[in-house]
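Asks: I have a structure I would like to understand better, so I am pasting it below and will then ask my questions one at a time.
The values are calculated or read from the model by the stated rules, or taken from the named source; none is laboratory data. What you see is a predicted model; the values in this text were computed from it and never measured. Neighbour counts are summed over all protein chains in view; Cβ atoms, including those assigned to glycine, are modelled from backbone coordinates with ideal geometry. Areas reflect the complete protein model, heavy atoms only, side chains present, ligands, DNA and RNA absent. Shrake-Rupley method; radii C 1.70, N 1.55, O 1.52, S 1.80 Å.
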Amino acid sequence: MPQRLHHLDAARAVLLLLGIPFHVGTTATMILSPGLPMWMANPVLGVGLSFIHSFRMSAFFILAGYFSGMASTRRGRLSWLADRMVRVALPLVASLASLAVIQYHLKVMLSPAWAPGLYGWPLAVEHLWFLVVLLGFVLTYALRPARAFVPDRLWRPLLGLDRGTWPVPLVALAAWGAGLAWLGQVLGLQDNEAVIGQELLLRYFQYLPAFVIGALGWRLKLADRLFAFEGRWPWLAVPPLMIGHFLLDPLVRPHLGWEADPTPLLRVLDGALACALTYAMALVVFRVLAHLFDRPSRAVSFLVDGAMAIYLFHMTVTMLVILAVARLGAAGWPFPTMQWAALSALVLGLSVLVFLVVRRIPVLALVFGGQRMAPRQRAETPPAHL
């Protein structure tokens, strides 16, 4: 890159932290039993959750693919892989040994009929799947051939960043999403924690195109275009794709008076629309962030520095907050949209407080942040970035 793309720091923080309102909403409506009725009947909440889910993780994995390409080239494959073990595998293991156990017992309190853990173990991995999938992508990328067998000119159209090539990624992604949805139905694969192996397999292939797009962005040296694309086609493609996705998404369909789960044929169609939508929407989000964050920001640096720890701890905080709200009789409180926003802000604030404590304890900073952070060093050196 000719210069540092500061908005990519903001993108990493924003995409991870958008998981807070998403998990606050899903915990109150899907995990809590009985769920908060005012929230469950609120169409703004359903559409908002569907909107966040439509692009958040795909955009995150595009970033992950891009920075994997950059870091492995600059560090060397083995050094980069060792660094990923510290920054990804170690927080995963630490969270499974601690936070997953706490979250399991909180889930039992939220829903007395909750399934018995993970393969009989008292573990809840509601939001840890992304670390497993990210680790899978890291290992896959580390095993790539040293020599490229496909010329770059054949890869470029798959990004749709050159004039007239925009149908290529949309058609390719739609075919991938439809094929994955169809195959999942044929094989009877389930995307839920009760069968974690199937869920992780589906998530790996669901987000594999995003990681590949990011890695190609680095290989083809197209970061300035991929993360600040000035073309109009994503803005034109997003509205019809988003409307189609809303009409098929189980988060939105009940608010339209329809059954939550569409028919098998419509699920295949939704797979196609959703997979194409994620890329178009990611390009729009990256472009907006490029406009908003074109220079260094201390607030962004702080959030990037704490994004991992904040995200790992926020689910425990979310469950505690929703339990407290339910015990206070919030089922009948008005203005569910305002409640959702207020509780999301509260969970973010509390999670940041947890990070401020964690970063002052070197062992916790290492195992939950993937960074070797000593208090004195933190005061003297700028925060680490991607």
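Asks: What helices (runs of 4 or more DSSP H) completely inside the stretch 207-296 contain at least 3 residues that are among the aromatic types (Phe, Trp, Tyr)?
Replies: Output list reads 233-248.
Asks: From the list 124, 100, which residue is outside any helix (DSSP H, G or I), hydrophobic (A, V, I, L, M, F, W, C), open to solvent by less than 60 Å² (accessible area, probe 1.4 Å) and under 22 Å from residue 319 (Cα atoms)?
Replies: 124
Asks: With 231, 244 as the choices, which residue is touching a residue at least 60 places away in the same chain (Cβ under 8 Å), of a type outside the set (Ser, Thr, Tyr) and closer than 27 Å to residue 161 by Cβ?
Replies: Within the list 231, 244, the selection yields 231.
Quick grid of which residues meet (1) over 30 Å from residue 179 (Cα atoms); (2) open to solvent by 20 Å² or more (accessible area, probe 1.4 Å):
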| position | (1), (2) |
| --- | --- |
| 237 | no, no |
| 253 | no, yes |
| 266 | no, yes |
| 283 | no, no |
| 293 | yes, yes |
| 315 | yes, no |
| 326 | yes, yes |
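Asks: Here's a follow-up. Take the stretch 19-39 and flag every residue that is surrounded by 21 or more Cβ atoms within 10 Å (Cβ to Cβ) and either free of Cβ contacts under 8 Å to residues at least 12 places away in the same chain or farther than 19 Å from residue 103 by Cβ (or both).
Replies: 36, 39
Asks: Is it the case that some residue within the stretch 49-61 is over 25 Å from residue 277 (Cβ atoms), open to solvent by less than 20 Å² (accessible area, probe 1.4 Å) and assigned to a helix (DSSP H, G or I)?
Replies: No, every residue in the stretch 49-61 fails to be over 25 Å from residue 277 (Cβ atoms), open to solvent by less than 20 Å² (accessible area, probe 1.4 Å) and assigned to a helix (DSSP H, G or I).
Asks: In the set 86, 101, 47, which member is more than 16 Å from the chain's Cα centre (by Cα) and at pLDDT 95 or above?
Replies: None of the other options fit; the residue is 47.
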